[in-house]
Amino acid sequence: WETCVVYVRDYQTVLRVYQWFATGQHQFKSVIMDSVSEVQQRCIDAIAGTEQMKQQQWGDLLRQMSVLVRQFRDLTIHPTNPLEAVVLVAMGRNYDGKEKAFVTGALATTLPFYLDVYGALIAVPSGDGQSVIRYLITSPAYPQYEAGDRTGALPAALENPRIDTMLDLIYGPLN
């Protein structure tokens, strides 16, 4: 296989996907979770069902999602079959004038610290007015976006970003 899409209708499916990757018995080089915002909602469903979340359940949610995000991230250092990239996509939301990942609770604060690159994908109209140019903002130099690049290898705004290009910039070309 080159690509596999797993449709997630419950949180248990996400856990099974991680467990399968953790075995190292696969031929994939990357995994993309689209979106961590939706996965968090599936986790809430698993914890509270259709009921309102109770105070202690918010702590359960943070622990479960923090563990899940870090487990997926750590697949890049798997002892027998490390992935080249783990990409977590999140919906965006404006919080106090700054565009951030749309996750609830304390995960909104901790998520950026778990990842090497944390950015915002924006679309800017091109000069012809017919199309857009996408930029991945990876630097706090753009204060309206929560972003950062712990690797120090990416530009503050990467035009038309591609994962393979980003990996080349961070680690150098593989070929």
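Quick one: which of GLN56, GLN25, GLN71, GLN41 is open to solvent by 20 Å² or more (accessible area, probe 1.4 Å), in a loop (DSSP other than H, G, I, E, B) and not hydrophobic (A, V, I, L, M, F, W, C)?
Answer to the selection: GLN25.
Residues in the stretch 121-131: is at least one within 19 Å of ILE32 (Cα to Cα) and in a loop (DSSP other than H, G, I, E, B)?
No, that holds for no residue.
Step by step: first the residues of the stretch 139-157, then only those that are among the hydrophobic types (A, V, I, L, M, F, W, C) and touching a Ser or Thr at 6+ places or on another chain (Cβ under 7 Å), then the one that is surrounded by the most Cβ atoms within 10 Å (Cβ to Cβ). Which residue is that?
In this case the residue turns out to be ALA147.
Which of the residues that make up the stretch 93-144 are more than 15 Å from the chain's Cα centre (by Cα) and of a type in the set (Lys, Arg)?
Those that are more than 15 Å from the chain's Cα centre (by Cα) and of a type in the set (Lys, Arg): LYS98, ARG134.
Looking at the stretch 45-81, which of its residues are in contact with a strand residue (DSSP E or B) (Cβ under 8 Å, 6 or more places away or on another chain) and within 18 Å of THR23 (Cβ to Cβ)?
Across the stretch 45-81, the qualifying residues are PHE72, ARG73, LEU75, THR76.
Name the single residue, out of those in the stretch 158-169 being in a helix (DSSP H, G or I) and open to solvent by less than 50 Å² (accessible area, probe 1.4 Å), that is nearest to TYR118 (Cα to Cα).
If we take residues in the stretch 158-169 being in a helix (DSSP H, G or I) and open to solvent by less than 50 Å² (accessible area, probe 1.4 Å), then MET166 is nearest to TYR118 (Cα to Cα).
Out of all the residues in the stretch 116-138, which are closer than 23 Å to TYR171 by Cβ, aliphatic (A, V, I, L, M) and open to solvent by 50 Å² or more (accessible area, probe 1.4 Å)?
The one that is closer than 23 Å to TYR171 by Cβ, aliphatic (A, V, I, L, M) and open to solvent by 50 Å² or more (accessible area, probe 1.4 Å): LEU121.
Which condition breaks for GLU84 when tested against (1) farther than 30 Å from TRP58 by Cα; (2) touching a residue at least 40 places away in the same chain (Cβ under 8 Å); (3) in contact with a strand residue (DSSP E or B) (Cβ under 7 Å, 6 or more places away or on another chain); (4) open to solvent by 80 Å² or more (accessible area, probe 1.4 Å)?
Of (1) farther than 30 Å from TRP58 by Cα; (2) touching a residue at least 40 places away in the same chain (Cβ under 8 Å); (3) in contact with a strand residue (DSSP E or B) (Cβ under 7 Å, 6 or more places away or on another chain); (4) open to solvent by 80 Å² or more (accessible area, probe 1.4 Å), only one is false for GLU84: (4).
The values are calculated or read from the model by the stated rules, or taken from the named source; none is laboratory data. Quantities reported herein were computed from a predicted structural model and do not represent experimental measurements. Don't worry about glycine lacking a Cβ; one is built from the backbone with ideal geometry, like all the others, and counts go over all protein chains shown. In case anyone asks, the SASA skips ligands and DNA or RNA and just uses the protein heavy atoms, side chains included. Shrake-Rupley method; radii C 1.70, N 1.55, O 1.52, S 1.80 Å.
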